[in-house]
Every structure is written in structure tokens, then in C-alpha cells.
Amino acid sequence: MEPSPTAFPVPPVADLVPQYIPQETNGQAVSPPVEEGISADEIALYDRQIRLWGVQAQEKIRNANILLITMKALANEIAKNLVLAGIHSLSIVDHELVTESDLGAQFFISKADVGINRAEAAAPQIRKLNPRVNVIVDPSDIKTKGPDFFSQFDIVIATDLQPDTLNIINTATRVNHRPFYAAGVHGFYGFIFSDLIQHDYVIEREKSNVTTAIQAETRTRSVVDVKDKKENGKNFEMVTKRELYSTWFLASDAAILPAEFLRSRRRLKAVTPILSCFRALWEFLQLQNGRLPSTSDDLKMFTVLATQKHEHLKLPSETLRSEVLRKFLQNLGSEIAPVTAVLGGQLAQDVINVLGARQQPIQNMVIFDGDSMEAPMYALHPEGGLGDALLPLSVGAGTGVAMENGMIPVNGVDFQPIVV
């Protein structure tokens, strides 16, 4: 089942309590303690979404501490949806300053904010959306954080970052067993990646005459438990399913399409060539120290890389047309509000689904193509084990050491977060 590319529907915040002023400990803002049980005021405030996913899911949402890295247009949309949904806290890490180019698609800032830290400029407007949510700003560089930093969050979301940085953060989230999302946009094109490591969710459905077996459904998904339930004279079953994931490093380059794609030329022809373009871009950025293609030699290199990625995915050569490459390159480095709204809404919706554990989550790469207005999902995984098997949780746990040169030092040795 592919998630809808529609933006996450959020209720209006109509009856807000006075804004919480965060405390400080050693110069760092900290979240207030979570009150036990959801209040009557909160039930009234979040009534429409509680009707969608229930009180228990809303309680999980209200207890969630989310880390959001880089406050650009895509993160604006993610922050808006999560804060309106009623999470406990949103911590924003961004060391960059607001520039003139940020004003085009970012709605939490204005011209008066140029030269101010991007997270600090956006935070006051985010707090106004829902003063019940504690919004914490950290103006430091995420690359200065040690692996332990990520352990305090329930979910980590990294947007518009270099591939090497995403690789490092994903390794740190795996060390701490924390769900990780990466996302980015370039004009009409964008992506969402998720590494939930191992995620269980429960589907409630009316019981049929066919017994639900505890078994694998796909390579990544299996049924692990089934419980019967009777309500209003009807028989239901609570089916617990488990999804297994792989890392950003593998999904962004080495992983191939699922076997059902490789067996069907029709399905291969339907795969968006923007997937090959993004994979080429990620490798180009790594080879060129984060610089976007700009010269004629760069364009030649990008074309070669895109062709190689397309062939590695076993996609038909005729789908990677020169027009596709030209449009993709022309969109690099830009932000378009409707695209960030769609992708940001879809990512926030999936975070809510994961917190509530009542719906199937993204598995594991969504590619948004603004030309076709489609956002297909592909399960991109390498051969071999998935989930916890990719990275022992004991590796690097509790080091508290910052990242350096694309590596996390562990016990005095540089541990490169490349796991195969």
C-alpha cells in the first residue's frame, strides 16, 4: 500500500492555553514534564483527530519528543503539522542564518529576519500555532553532536542535508534505536526516506472466514500476532504486523528494487527516473564535497552517474530521457511551496502513524515527481538481513563523542557508519 501524497490534514487550534516558557539547564532549554493522561481540554481541542485514530494514539502523540534538523521550507511544513497534531516537544537544530533566498517558500520568517538564525527566527511563529507544544531551539551545527544527543528523542527528522551527514545521523539513530526520517526537495522534485529499524503496528479489522496466519507477507513485512475482539455483537481481530528496515547508506545507493519489480518490465517502465536522478545527485554531492552541478563538466559527470544508477536499478534506458535530466538539473537548489507542502504533509502524517502504531508506515523511499504529480513508494533494501541485524545496538552506545569527518569515534577508533 502506497501512502497518499496528499498533505496531512490538521485541525484548527481554537482553544489554546497560555504559552509555556521553557526552563533552562546549563544554557539548554528542556521540556516540561508530561502530565499523566490526556485532559478534557485536550480531548476537546483535538476532537477531530481523536475521532480518526483514537485517544490512545493521541496520548502517544502528546508524549512524543521530536527532533527536526534544518528549518527550511520543507521543515516549515513538517513543524506546522506536528505542532498542530499536539506532540509534547519539537526541538529544532539549525546553525544557518536566514538569507534573502529563504523568503520565497518559508512562511515562518520575513524580510526582517534576514541575518538571524533560521531556527530562532521561525520559533515564535511555530509556538503561536499551538502553545501547548514546547518548541526548543538549538542554533548549533548538528555535526557537533555526539551519538548520545539523539537518544532523548522519540523520532529524528533530518531535512535538506548532505548525504554524508544523513549517513552519520542515521548511524547515531540506530545506535540509540530511534526511528529516523530523511527528506529533501529540489524544485519540483523531492524524496522521503524512513529507517524505523523494526516497527510493529496493529490493524483492527472485522474477522473473516479466512484465518489470519502468523507468517511473512513480504520480505519486509510479517504478521507476528493475532488477537480476537468482540464489540457490539461483531467479531474483530487485532493483527500486529512488523516492518523491517535498512539504513540510508544502503537504501540511497546499493539497494535494488523488490523482486516483483524485476520480474515485470511493465513495472520497471513505470518506475520514475527521478529515483535514478536523486541517486546520481547524492553521489555527485559526495564526490564534490557538497557542491551542486554547475559547469559543463559537472553536467557530463551527472549524466554518467544517472545512467549508471539507472542501469544498477535495471530500469529501461528509454525512461531516462535527456529532457528528464535537463529538468531535474534546472530545479536543483530551489524550493517550491506546493511541493514542500505535499512532502512535508506526507512525512508528518507518517510520523503520526508511527507514533500511534495503527497504520502501515512508509517503506522506505518515497520519490515525488512534480511533473507527473505522483509520489510512488519503493522498498529499497539490500540482500541479507534487515532491521536490527544491520547494526548491533552495542556499537558506539553511550560514547557521547561528536561526529568528525564523516565518522563517529568509538573507543578511540573512527567508526565509519557504513554497514553491509
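Summary table below
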{"quantity": "Accessible surface of region 159-202, 1.4 Å probe, proportion on carbon and sulfur as whole %", "calculated": "47"}
{"quantity": "Segments 70-78, 58-66, 172-180 sorted - mean Cβ within 10 Å per residue, highest first", "calculated": "70-78, 172-180, 58-66"}
{"quantity": "Distance violations [Cα-Cα > 21 Å] among Lys111/Lys145; Lys269/Lys309; Lys269/Lys300; Lys60/Lys241; Lys145/Lys309; Lys207/Lys227", "calculated": "Lys111/Lys145; Lys269/Lys300; Lys145/Lys309"}
{"quantity": "Under Karplus coefficients 6.51, -1.76 and 1.60, residue-wise ³J(HN,Hα) of region 242-257 in Hz, glycine/proline x", "calculated": "10, 10, 10, 10, 10, 7, 4, 3, 7, 5, 7, 8, 6, 5, 10, 6"}
{"quantity": "Per residue solvent-accessible surface (Å²) - region 200-244, probe of 1.4 Å", "calculated": "67"}
{"quantity": "Electrostatic dipole magnitude of region 200-244 [Cβ: Lys, Arg +1; Asp, Glu -1; Cα centre; debye, to 20]", "calculated": "60"}
{"quantity": "Ordering of 288-294, 45-51, 146-152, 88-94 by burial proxy (mean other Cβ atoms within 10 Å per residue, highest first)", "calculated": "88-94, 146-152, 45-51, 288-294"}
{"quantity": "Point-to-point label distance, Glu100-Lys234, nm (Cα→Cβ direction, 7 Å offset)", "calculated": "6.0"}
{"quantity": "For region 253-331: rounded, prolate or oblate by the Cα gyration tensor [a/c cutoff 1.5]", "calculated": "prolate"}
{"quantity": "Computed over region 253-331: relative contact order in percent, which uses C-alpha pairs under 8 Å that are six or more apart", "calculated": "37"}
{"quantity": "Separation in nanometres of the label points that stand 7 Å from Cα toward Cβ, at Val55 and Ser222", "calculated": "3.6"}
{"quantity": "Length added when fully stretched, Thr144-Asp371, from 0.36 nm per residue minus Cα-Cα", "calculated": "77.9 nm"}
{"quantity": "Distant-in-sequence amide H partners of Ile256 (H built 1.01 Å from N, under 5 Å)", "calculated": "His381"}
{"quantity": "HN-Hα J in Hz across region 45-56 - Karplus 6.51, -1.76, 1.60, θ = phi - 60°, x for Gly and Pro", "calculated": "5, 9, 3, 5, 6, 4, 5, 7, 10, x, 5, 4"}
{"quantity": "Whole-number percent relative contact order across region 317-382, with pairs defined as alpha carbons under 8 Å at least 6 apart", "calculated": "18"}
{"quantity": "For Tyr245, distant residues with modelled amide H under 5 Å away", "calculated": "Ile197, Gly387"}
{"quantity": "FRET efficiency estimate (nearest 0.05) - Cβ-Cβ, Val114 to Lys300, R0 30 angstrom", "calculated": "0.25"}
{"quantity": "Those aspartates and glutamates that a straight Cα-Cα span of less than 12 Å connects to Lys229, excepting residues fewer than 8 apart in one chain", "calculated": "Glu204, Glu206, Glu237"}
{"quantity": "Per residue accessible area of region 249-383, 1.4 Å probe, in Å²", "calculated": "42"}
{"quantity": "Top positive-direction residue, dipole computed over region 257-304 with Cβ charges, set Leu281, Ala259, Pro293", "calculated": "Ala259"}
{"quantity": "Sequence of Ile43, Ile362 from largest to smallest accessible area, 1.4 Å probe", "calculated": "Ile43, Ile362"}
{"quantity": "Vicinal HN-Hα couplings computed from phi for region 62-73 (Karplus, 6.51 cos²θ - 1.76 cosθ + 1.60; Hz; Gly/Pro x)", "calculated": "5, 9, 7, 10, 10, 9, 10, 10, 6, 9, 10, 4"}
{"quantity": "Heavy-atom accessible surface of region 253-331: percent carbon and sulfur, 1.4 Å", "calculated": "50"}
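The values are calculated or read from the model by the stated rules, or taken from the named source; none is laboratory data. Everything numeric in this text was worked out from a predicted model, so none of it was measured. Methodologically, a virtual Cβ is constructed for each residue, glycine included, from the backbone with ideal geometry; neighbour enumeration extends over all protein chains shown. Surface areas here come from the heavy atoms of the whole protein model, side chains and all, with no ligands, DNA or RNA. Shrake-Rupley method; radii C 1.70, N 1.55, O 1.52, S 1.80 Å.
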